[in-house]
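This report refers to the structure that appears directly beneath it.
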Amino acid sequence: MSFWIRKYKLELDKLPFAVLGKSTGVVVLCIIILAAILLLLPIQDTIKGEVAIYTDGQPLTLQAPSSGFLNIVKSEQDQISRGDLIATIEVDVTASALQEMESLIYNDLAAIDFNNADELYDKVKEISNHDFRQIKIELYSLLDLLTQLKILRRANDPKELINTLDRSIQVKREQVTSFGQLSQSHEKVLALLKTQLESDSTLYAAGGISERAYLDRQRDYIDKRSIIIENNLRKQQKTGEIIVDEKEKFALAQGHRSKLEELKLRIVDQVSAIRSSYQSYLDTYVITSPINGFASLPFDIVDQEMITAGENIMLLSTSTSNQEVQSEMFVDALNAGKIEKDMRVRIGLSEFNQREFGIYYTTVQSISEVAQDGKYKITLDCSLPLKTSYNVSLPHRRSYNGKGEIMIGKINLLTKISRELHFNRSKYASL
């Protein structure tokens, strides 16, 4: 048995006019009815967006400051305080080690006792054993400078030599005093000899004394005057020696002091370098809590996982009691100008099946003035407990997520289809 399909050729010009007219009328009538339905059938016009509701206040998202292996210190739901160590990247350092480092930098190194740096040396050496990466180099440099300070104080201390010079200066000053006193005594004797010489000169001229006696008197006067001149010369010599000793003493003290001051300035500069390196270390490898609250890990991040810089790793929620419910909905800028306060919002929560729990309805509280990344932020009016259209109070959660629709008014189906085709014409043109 075989089957075949017969082909018929339809010639419209040979059809009866009545049949053609009825067919055309039916088609036109169907088009009119369909247009009437599209025009008269109202549907709700909505703007869709992602919704997040936070019952304990909006959480703070922590991001990785750098790339590397993540070491989580605070686990899910851990209570935290401001400044607590939450996680580290690439380094294995504890909160106590960080506290020791901060105590060293901001206490011990802030007021260094240069006369007793042995204790500081031991503390810096102990802290250097922790995993502080580039700070270790700076700490080792500080240890070298502290060692140089210790050596300079022990090997080049001119204290004994300065004491010897002081004793020598004191003896020479006493000699200068003695020479001065001796010169004064000789000055008195010289004055008497001068008077006698003047008297003997008169007698010699009158023939009262012999020439020999007169010459002996002159010789005594000249000898005594020579002694005074010699004493003054020796006094000046000792005074010059005192000046030389004072200069040598000053040079020794000044040179030692200059070396010490130079080394102290290098230590101060090294402390500044350590502080700068420590801040860079914190910014790169350490994550601390900026608030009081509790931690949560909603981003499927696990300990020792390789992460990249800027990746979300943790949420921090405040633990303040009676925290107001905060909510946010982000919508595209398209048609966002139609959104007004108190417009109704229909939300399907991801955590609760809509068929079982129903839809959550709320209203628009406010809309942001400026779009971020092409989206506007809508604040919703929410209160606890969240009650759905099935009159079901949802179980308490710290956060709810879902998709929301802002009902901005009703339009006919034809307008809706026209808008869809217009705004998505590039998509439908490719079909």
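Okay, residues lined up against (1) closer than 16 Å to residue 282 by Cβ; (2) open to solvent by 60 Å² or more (accessible area, probe 1.4 Å):
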{"site": "69", "(1), (2)": "no, yes"}
{"site": "72", "(1), (2)": "no, no"}
{"site": "92", "(1), (2)": "yes, yes"}
{"site": "97", "(1), (2)": "yes, no"}
{"site": "103", "(1), (2)": "yes, no"}
{"site": "113", "(1), (2)": "no, yes"}
{"site": "124", "(1), (2)": "no, no"}
{"site": "131", "(1), (2)": "yes, no"}
Pick from the stretch 380-398 the residues that are open to solvent by less than 40 Å² (accessible area, probe 1.4 Å) and in contact (Cβ under 8 Å) with a residue 40 or more places away in the chain: which of them is farthest from the chain's Cα centre (by Cα)? 394
Quick count over the stretch 137-147, residues being surrounded by 14 or more Cβ atoms within 10 Å (Cβ to Cβ) and farther than 17 Å from residue 272 by Cβ, is 0
Condition set of a type in the set (A, V, I, L, M, F, W, C) and modelled with pLDDT of 70 or more, scope the stretch 190-227, selection surrounded by the most Cβ atoms within 10 Å (Cβ to Cβ): answer is 209
For the stretch 272-293, which residues satisfy the criterion of being assigned to a helix (DSSP H, G or I) and either in contact (Cβ under 8 Å) with a residue 60 or more places away in the chain or not polar (S, T, N, Q) (or both)? 273, 274, 275, 277, 278, 280, 281, 282, 283, 284, 285
Before we move on, is residue 403 open to solvent by 90 Å² or more (accessible area, probe 1.4 Å), within 30 Å of residue 60 (Cβ to Cβ), at pLDDT 80 or above and part of a strand (DSSP E or B)? yes
Assuming residue 38 fulfils every condition listed in (1) part of a helix (DSSP H, G or I); (2) at pLDDT 70 or above apart from one, which condition is it? (2)
Report, ordered by the first and then the second residue, all pairs with beta carbons closer than 8 Å, sequence separation of six or more or different chains, a first member in the stretch 124-137 that is touching a residue at least 60 places away in the same chain (Cβ under 8 Å), and a second member that is hydrophobic (A, V, I, L, M, F, W, C) and buried (at least 19 other Cβ atoms within 10 Å of the Cβ). 132/93; 132/101; 132/139; 135/101; 135/274
Is there any pair linking a residue in the stretch 139-152 that is in a helix (DSSP H, G or I) to one that is of a type in the set (Ser, Thr, Tyr) and surrounded by 15 or more Cβ atoms within 10 Å (Cβ to Cβ), with Cβ under 7 Å and at least six apart or on different chains, and which? 139/128; 140/128; 143/121; 146/121
Go through the stretch 321-374 residue by residue and tally those that are among the hydroxyl-bearing types (Ser, Thr, Tyr) and either within 10 Å of residue 406 (Cα to Cα) or more than 42 Å from the chain's Cα centre (by Cα) (or both). 4
Just checking, does the stretch 261-268 include any residue being open to solvent by 60 Å² or more (accessible area, probe 1.4 Å), under 14 Å from residue 104 (Cα atoms) and assigned to a helix (DSSP H, G or I)? yes
Pairs please, first residue from the stretch 91-104 and under 14 Å from residue 73 (Cα atoms), second anywhere and of a type in the set (Asp, Glu) and part of a loop (DSSP other than H, G, I, E, B), Cβ atoms under 7 Å, 6+ apart in sequence or on different chains. 91/131; 92/131; 93/131
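The values are calculated or read from the model by the stated rules, or taken from the named source; none is laboratory data. Only a predicted model underlies this, so the values are computations on that prediction, with no experimental measurement involved. Ideal geometry is used to build each Cβ from the backbone, glycine not excepted, and the neighbour counts take in all protein chains shown. Calculation scope for accessible area: heavy atoms of the full protein, side chains included, ligands and nucleic acids excluded. Shrake-Rupley method; radii C 1.70, N 1.55, O 1.52, S 1.80 Å.
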